[in-house]
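A quick write-up on the structure given underneath.
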Amino acid sequence: MRARKSKDRGAKKIETAIETAIETAIETAIETINLNVYYNSNHVIKSVSLQIPENVVFAIMGPSGCGKSTLLRAFNRLIELQENARVEGDIKLYGRSVFEMNPIEVRRQIGTVFQQVNPFPHLSIYENVAMGLKLNKLVKSKDELNRTVEWALKKAALWDEVKDRLNDFASNLSGGQQQRLCIARALALKPEVLLMDEPTANLDPIATEKIEDLIYELKKEYTIIIVTHSPSQAARVADFVAFLYLGKLIEVGPVEKIFENPAENLTEKYLTGRIG
Amino acid sequence: MNRLVKEKVFLISITVLSLLAILPLFHILFSVTVNGLPVLVKGGFGFLTGTLASPGDGLGGIGVAIVGTFVLVFLSSLIGLPIAVVAGIYAAEYPNSAIGRLTKTLLQIMLEFPTILVGLFVMQIIVVPMGNYSALAGALALAIVMMPYVAVSTEEAMKEIPFTYREAAFSLGLTRFKVVFRVLMGMARKGVLTGILIGMAKVAGETAPLLFSAGGASRVYFMGIDKPIGAIPLLIYNLVQQPYKNYHQIAWGAAFVLMLIFLAIFIPIRLKIKEVKI
Ligand SMILES: Nc1ncnc2c1ncn2[C@@H]1O[C@H](COP(=O)(O)OP(=O)(O)O)[C@@H](O)[C@H]1O
Ligand SMILES: [Mg+2]
């Protein structure tokens with residue numbers, strides 16, 4: 001009798017252990033709940049509910065103007081820089097509503113890389129990466145600052161190309177190098193999530209390939225949400241894909257599923273080039 | 001053939017008209033140099049450092065006025081620049097707020113305001129209560145003249161920064177204050193600096209705001225900020241009204257020095273503007 005009871009208890013223990021293992025294994029980094037964004041009366045994001053698992057590359061694709069950049073900027077509240085924008089619904093970062101956090105904290109944890117390659121042109125390569133660390137007082141000494149800058153540049157696969165010219169102006173780098181510098185600038189703050197808004201839209205194919213390789217490396221440690229208007233790029237880099245059309249989330253799922261067997265007619269039309 | 005002739009006539013007339021337009025400028029540069037340079041050469045180093053000669057008694061020096069101009073430009077910058085830069089940034093940051101719009105309107109009015117009225121205003125609020133002309137009053141008058149130039153060029157420089165850099169700065173988790181003053185202002189620094197130099201060059205040559213505020217001095221270099229002070233334009237203005245030949249010569253020499261100071265501020269601005277790129 002006693003033996004039987006303890007055996008039951010043991011089974012129960014294993015069960016809960018498995019449950020928590022599954023839960024932690026597919027932890028959600030970002031979740032949107034019935035998210036709506038308006039610019040004045042223009043309804044741009046329409047009731048989008050999404051779950052983005054941690055440590056994956058999550059692509060948001062859709063034709064130009066469908067609201068990809070708007071959705072991305074809602075995640076870390078950068079959208080609030082647009083005076084005419086209004087957001088409804090909720091966004092959670094690891095279960096915590098970003099609207100209950102200080103936007104400054106949200107943006108530190110959710111870094112951004114932009115479509116327009118935008119290192120600060122008046123600052124050196126070093127200063128571009130150091131800026132966020134210094135102004136946020138995230139390092140305690142010059143030495144720690146140097147180490148963190150080096151770390152970030154290595155993470156962004158740029159260190160070897162710039163280690164001898166850290167005091168050069170960022171504007172002297174090639175476009176692809178400048179974009180990797182922007183990635184280093186974002187990584188230096190040690191965010192959990194990295195938003196990338198069409199990061200290769202203004203780059204040549206070789207620079208694009210380098211950035212895509214980098215994205216593959218980075219997903220081991222970061223959750224990467226990449227916006228692209230190119231389905232082929234989504235197929236190359238992403239684990240999960242969401243298809244956005246006219247502000248609505250049409251379909252979301254693992255990349256193979258979406259590309260090989262889309263559930264929605266619209267998705268298939270988009271992937272075969274019949275819309276957008 | 002006919003078309004070619006027409007084009008030639010057109011080209012020649014534009015060239016002639018442009019030359020006519022800049023002719024007065026060259027005439028000023030030319031006549032000031034021709035009349036002023038010999039005075040400076042003859043007076044030597046003493047002309048730059050000495051005190052004013054007596055009527056009919058040689059060239060003496062304009063050191064008092066030079067010191068006065070530097071003191072006035074320095075003091076007026078101290079008063080005017082911080083306010084002007086902040087006002088310009090405010091107008092650029094909050095263009096739609098009530099205060100932002102008020103600031104902008106005020107700056108536009110100040111830009112056009114007759115400078116002699118600025119002098120009268122300062123006389124009312126400082127000279128009359130204090131009972132005497134002073135460096136402080138002169139500096140305040142010049143600061144008021146300087147501020148709109150600096151503020152407007154600061155505002156324009158800030159507005160020229162593409163939005164994407166503002167977004168990038170905010171994306172680093174910075175407060176608005178840090179975004180504006182630690183990142184964007186650095187990016188606009190060349191525009192801001194240009195405005196500052198133009199403002200300083202402008203007030204270095206101003207006479208009218210000083211007439212009822214600085215008072216003028218010609219024999220004592222500096223008596224304190226609560227005491228009257230000289231300035232080169234003020235000295236020129238006073239000397240040309242005198243009947244003495246040597247005073248007219250000194251005025252030409254002073255004009256030449258003023259022009260050199262002006263060019264020394266302006267030429268770097270022109271060189272700087274060329275290298276601005278974003
Ligand atoms: N600041 C803004 N004010 C008004 N409308 C905007 C603004 N930004 C974007 N829009 C509009 O919102 C829609 C979605 O834009 P966006 O999110 O940039 O799309 P995407 O990134 O997919 O090309 C577009 O119709 C665009 O014109
Ligand atoms: Mg976009």
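Points worth noting:
- Unique residue being of a type outside the set (V, I, T) and within 14 Å of chain A (Cβ to nearest Cβ) when the list is B:A157, B:A143: B:A157
- A:F99 vs. criteria in contact (Cβ under 8 Å) with a residue 60 or more places away in the chain and more than 11 Å from ligand 1 (Cβ to nearest atom): no
- The stretch B:192-204, subset small (G, A, S) and surrounded by 23 or more Cβ atoms within 10 Å (Cβ to Cβ), residue nearest to B:S76 (Cα to Cα): B:G199
- Test: residue in the stretch A:3-20 that is modelled with pLDDT of 65 or more, under 20 Å from the mean Cα position of the chain (by Cα) and not polar (S, T, N, Q): no
- On the stretch given as the stretch A:69-108, residues that are on the phi > 0 side of the Ramachandran plot and touching a Lys or Arg at 6+ places or on another chain (Cβ under 8 Å) total 1.
- Members of the stretch A:82-101 found to be away from ligand 2 (no atom under 16 Å from the Cβ) and outside any strand (DSSP E or B), listed by number: A:E83, A:N84, A:Y94, A:G95, A:V98, A:F99, A:E100, A:M101
- Residue match in the stretch A:47-57 (condition: touching a Pro at 6+ places or on another chain (Cβ under 6 Å) and surrounded by 15 or more Cβ atoms within 10 Å (Cβ to Cβ)): no
- The listed residues are A:N84, A:N42, A:N76, A:N118, and the only one of them that is of a type in the set (S, T, N, Q), within 13 Å of chain B (Cβ to nearest Cβ) and more than 19 Å from the chain's Cα centre (by Cα) turns out to be A:N84.
- A:T112, sole failed condition from (1) within 16 Å of ligand 2 (Cβ to nearest atom); (2) outside any strand (DSSP E or B): (2)
- Boolean, A:V255 is touching a helix residue (DSSP H, G or I) at 6+ places or on another chain (Cβ under 7 Å), closer than 24 Å to A:V117 by Cα and not basic (K, R): no
- All positions within the stretch A:194-232 that are within 12 Å of another protein chain (Cβ to nearest Cβ) and either within 19 Å of A:V252 (Cβ to Cβ) or more than 16 Å from ligand 1 (Cβ to nearest atom) (or both): A:L194, A:L195, A:M196, A:D197
- Filter result for A:I52 (within 23 Å of A:I183 (Cα to Cα) and either within 16 Å of ligand 2 (Cβ to nearest atom) or away from every other protein chain (no Cβ under 11 Å) (or both)): yes
- Some residue of the stretch B:5-26 being among the hydroxyl-bearing types (S, T, Y), under 25 Å from the mean Cα position of the chain (by Cα) and either loosely packed, with under 10 Cβ neighbours inside 10 Å or not in a loop (DSSP other than H, G, I, E, B) (or both): no
- The set of residues in the stretch A:59-81 being within 13 Å of ligand 2 (Cβ to nearest atom) and part of a loop (DSSP other than H, G, I, E, B) consists of A:G62, A:P63, A:S64, A:G65, A:C66, A:G67.
- Check on A:A59, within 14 Å of ligand 1 (Cβ to nearest atom) and within 17 Å of the chain's Cα centre (by Cα): yes
- Positions within the stretch B:205-229 being of a type in the set (G, A, S), under 20 Å from B:T49 (Cβ atoms) and surrounded by 22 or more Cβ atoms within 10 Å (Cβ to Cβ), in sequence order: B:A217
The values are calculated or read from the model by the stated rules, or taken from the named source; none is laboratory data. Bear in mind that the values here come from a model prediction, so they are computed numbers and not experimental data. A quick note on method: Cβ atoms are made from the backbone with ideal geometry, for glycine too, and the neighbour counts reach across all protein chains shown.
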